[in-house]
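**Q** Questions regarding the structure given below will be posed in turn.
The values are calculated or read from the model by the stated rules, or taken from the named source; none is laboratory data. The shown structure was predicted, so the numbers you read here are calculated from the model rather than taken from an experiment. Every residue, glycine as well, gets a Cβ built from its backbone with ideal geometry; the counts of neighbours run over all protein chains shown.
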Amino acid sequence: MLVPLANDPRDYAWGSTSLIAALEGREPSGRPEAEVWFGDHPGDPSETPEGRTLDRWIADEGVAAGVSRPLPYLLKLLAAASALSIQAHPSKAQAEAGFAREEAAGVPRDAAERTYRDDNHKPELIVALSDSFRALAGLRDLAATRRLLTDVGPAARPLQERLAEERSLPEVIGWLLSDGAGVARDVIAAAVSASSDEFAAELELARTLDASFPGDPGIVVALLMNLVTLRRGQGLFVPAGMLHAYLEGLGVELMAASDNVLRGGLTPKHVDARELVTVLDGSPGLPPILDPRAVEDGIVEYDVPVDDFALLVVRPGGSEATVPLHGPAIALATSGAVDVHGSVTGAAAALGPGQAALVTPDERQLRISGSGEVFVALPGR
């Protein structure tokens, strides 16, 4: 079976007013359009043509076609015009323990101060659709960070001293977000007027962030992170514990189905610095930026080290490409015009940019033809 899916863009403040509309070939709504969710996540399940949400459709009809709830992944279009919150996600074991702890404490799952809203981890992959997609990802090499702080000037000395004391980077970040907030404000004030040949982009970002989040300690956390730019088609994999924040651009995001987020600044939402420190991976170094691997003509894949999801990109180029199914798939078109066909029932759907369909695993294969580009999300193997 093929089930067309639709959803409304979520109007988070950081969302772009134009990128998703341009992809879909329509006039902008005038509101921020940050994410479009394709999946059965209870936070915003997709809708089927007859008006049922996807979770309801799976319960009514999908199980017979080999689909079980919940889907192990959530597929999104993401369009950022400004910075998302700095954040990290827990491991599976950390999520299970944290969820059980907050359940036992009676913290409502929709409470603003709730951290663990489910018991799952949330590894994620973002693939750039823009010519460039900017992000903060992972913690920078310490020698480079010390050079940046030297360029910031004397106000950064207390932070330099903490780094020199061989404290772990998570401990330093926890301090910046709590007891060190005053030092953070001094560093920000110095950074926005500092200059550096080596770190000009990082200091310009600090000025941009201070205009949106004046004095937020997360700006100093950002100065400890890698500033990266993805080219169109490049992916960034975010494992458990990796600090990250998307800054600007349009992409396709695929993640394990979870809503567990521990924030580290650049947000008015709840920041639990102590809990964030417990989940952070403090190892400095470059983040895992992925170039796609060719599978066969017209099909590439992103190698991710998790079992929750797999992501293929299909560009049939006027011929037909075949994707074997090993579970429920969601096909999302991002350019051109494509036709997707089930190999068993012959069910078909014509997809344009921004349109998606669920493919049930009883189809065994998904055949894709046309002249466009389709992202295909699958469970991991």
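**Q** Which residues, counting only those in the range 143-152, are over 29 Å from the mean Cα position of the chain (by Cα), crowded, with 16+ Cβ neighbours inside 10 Å and more than 22 Å from Asp179 (Cβ to Cβ)? Break it down stepwise before answering.
**A** In the first step, residues of the range 143-152 are kept if they are over 29 Å from the mean Cα position of the chain (by Cα); the result is 147, 150-152.
Still in the running and crowded, with 16+ Cβ neighbours inside 10 Å: 151-152.
Listed by number, the list holds a single entry, Asp151.
Here is a yes/no grid of residues against (1) of a type in the set (Gly, Ala, Ser); (2) modelled with pLDDT of 95 or more; (3) in contact with a Pro (Cβ under 7 Å, 6 or more places away or on another chain):
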{"site": "Asp11", "(1), (2), (3)": "no, yes, yes"}
{"site": "Ile20", "(1), (2), (3)": "no, yes, yes"}
{"site": "Pro32", "(1), (2), (3)": "no, yes, no"}
{"site": "Arg52", "(1), (2), (3)": "no, yes, no"}
{"site": "Gly66", "(1), (2), (3)": "yes, no, yes"}
{"site": "Ser82", "(1), (2), (3)": "yes, yes, no"}
{"site": "Glu96", "(1), (2), (3)": "no, yes, no"}
{"site": "Glu103", "(1), (2), (3)": "no, yes, no"}
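**Q** Going by what's in this entry, would Arg26 be described as modelled with pLDDT of 95 or more, out of contact with any Asp or Glu (no Cβ under 9 Å at 6 or more places or on another chain) and either in a loop (DSSP other than H, G, I, E, B) or small (Gly, Ala, Ser) (or both)?
**A** Values: modelled with pLDDT of 95 or more: yes; out of contact with any Asp or Glu (no Cβ under 9 Å at 6 or more places or on another chain): yes; either in a loop (DSSP other than H, G, I, E, B) or small (Gly, Ala, Ser) (or both): yes.
Answer is yes for this residue.
**Q** Mind listing just one residue for me: the one in the range 170-221 that is within 22 Å of the chain's Cα centre (by Cα) and of a type in the set (Val, Ile, Thr) and, of those, surrounded by the fewest Cβ atoms within 10 Å (Cβ to Cβ)?
**A** Thr208
**Q** Go through the range 324-333 and report how many residues are surrounded by 22 or more Cβ atoms within 10 Å (Cβ to Cβ) and part of a strand (DSSP E or B).
**A** Adding up the residues that qualify gives 5.
**Q** A follow-up question, please. Of the residues that make up the range 108-127, is at least one more than 16 Å from Arg263 (Cβ to Cβ), among the hydroxyl-bearing types (Ser, Thr, Tyr) and out of contact with any Leu (no Cβ under 6 Å at 6 or more places or on another chain)? Walk me through it before giving the result.
**A** Initial filter on the range 108-127 (more than 16 Å from Arg263 (Cβ to Cβ)): 108-110, 118-121, 123, 125-127.
Still in the list and also among the hydroxyl-bearing types (Ser, Thr, Tyr): none.
The answer is no, given that none of the residues of the range 108-127 is more than 16 Å from Arg263 (Cβ to Cβ), among the hydroxyl-bearing types (Ser, Thr, Tyr) and out of contact with any Leu (no Cβ under 6 Å at 6 or more places or on another chain).
Results for (1) crowded, with 20+ Cβ neighbours inside 10 Å; (2) of a type in the set (Gly, Ala, Ser); (3) touching a strand residue (DSSP E or B) at 6+ places or on another chain (Cβ under 8 Å); (4) at pLDDT 95 or above, shown as yes or no for each residue.
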residue	(1), (2), (3), (4)
Met255	yes, no, yes, yes
Asp259	no, no, no, no
Gly264	yes, yes, yes, yes
Leu312	yes, no, yes, yes
Gly317	no, yes, no, no
Pro353	yes, no, yes, yes
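**Q** Name, by its number, the condition in (1) in the same structural domain as Leu19 (by TED's automatic domain parsing); (2) in contact with an Asp or Glu (Cβ under 9 Å, 6 or more places away or on another chain) that does not hold for Leu148.
**A** (1)
**Q** Tell me, which residue of the range 261-316 that is of a type in the set (Gly, Ala, Ser) and not in a loop (DSSP other than H, G, I, E, B) is nearest to the chain's Cα centre (by Cα)? Steps first, please.
**A** Step one: of the range 261-316, the residues of a type in the set (Gly, Ala, Ser) are 264-265, 273, 282-283, 285, 294, 298, 310.
Pick out the ones that are also not in a loop (DSSP other than H, G, I, E, B) and you get 273, 294, 310.
Details: Ala273: 21, Ala294: 23, Ala310: 15 Å.
Ranking the qualifying residues of the range 261-316, first place goes to Ala310.
**Q** Can I ask one more? Just to be sure before I move on: is Thr322 touching an Asp or Glu at 6+ places or on another chain (Cβ under 6 Å), of a type in the set (S, T, N, Q) and in contact (Cβ under 8 Å) with a residue 24 or more places away in the chain in the structure I sent?
**A** Details: touching an Asp or Glu at 6+ places or on another chain (Cβ under 6 Å): no; of a type in the set (S, T, N, Q): yes; in contact (Cβ under 8 Å) with a residue 24 or more places away in the chain: yes.
It is false that Thr322 is touching an Asp or Glu at 6+ places or on another chain (Cβ under 6 Å), of a type in the set (S, T, N, Q) and in contact (Cβ under 8 Å) with a residue 24 or more places away in the chain.
Every residue, every condition in (1) part of a loop (DSSP other than H, G, I, E, B); (2) over 22 Å from the mean Cα position of the chain (by Cα); (3) over 17 Å from Val252 (Cα atoms), yes or no:
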{"position": "Arg31", "(1), (2), (3)": "yes, no, yes"}
{"position": "Val36", "(1), (2), (3)": "no, no, no"}
{"position": "Gly62", "(1), (2), (3)": "no, yes, yes"}
{"position": "Leu71", "(1), (2), (3)": "yes, no, yes"}
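**Q** Follow-up question, since we're still on this one. If you check Arg157, Arg134, Arg147, which single one turns out to be at pLDDT 95 or above, in contact with a strand residue (DSSP E or B) (Cβ under 9 Å, 6 or more places away or on another chain) and not β-branched (Val, Ile, Thr)? I'd like the intermediate steps shown before the answer.
**A** Numbers: Arg157 fails: in contact with a strand residue (DSSP E or B) (Cβ under 9 Å, 6 or more places away or on another chain); Arg147 fails: in contact with a strand residue (DSSP E or B) (Cβ under 9 Å, 6 or more places away or on another chain).
Within the list Arg157, Arg134, Arg147, the selection yields Arg134.
**Q** Inside the range 292-324, can you point out the residues that are in contact with a Leu (Cβ under 8 Å, 6 or more places away or on another chain) and acidic (Asp, Glu)?
**A** Glu301, Asp303
**Q** Does Leu75 qualify as being within 11 Å of the chain's Cα centre (by Cα) and closer than 23 Å to Tyr302 by Cβ? First the steps, then the outcome.
**A** Working: within 11 Å of the chain's Cα centre (by Cα): yes; closer than 23 Å to Tyr302 by Cβ: yes.
For Leu75, the condition - within 11 Å of the chain's Cα centre (by Cα) and closer than 23 Å to Tyr302 by Cβ - is met.
**Q** For the range 1-10, enumerate the residues that are more than 16 Å from the chain's Cα centre (by Cα) and in a loop (DSSP other than H, G, I, E, B).
**A** From the range 1-10, those more than 16 Å from the chain's Cα centre (by Cα) are 1-8; that's our starting set.
Hits for the range 1-10 are Met1, Asn7, Asp8.
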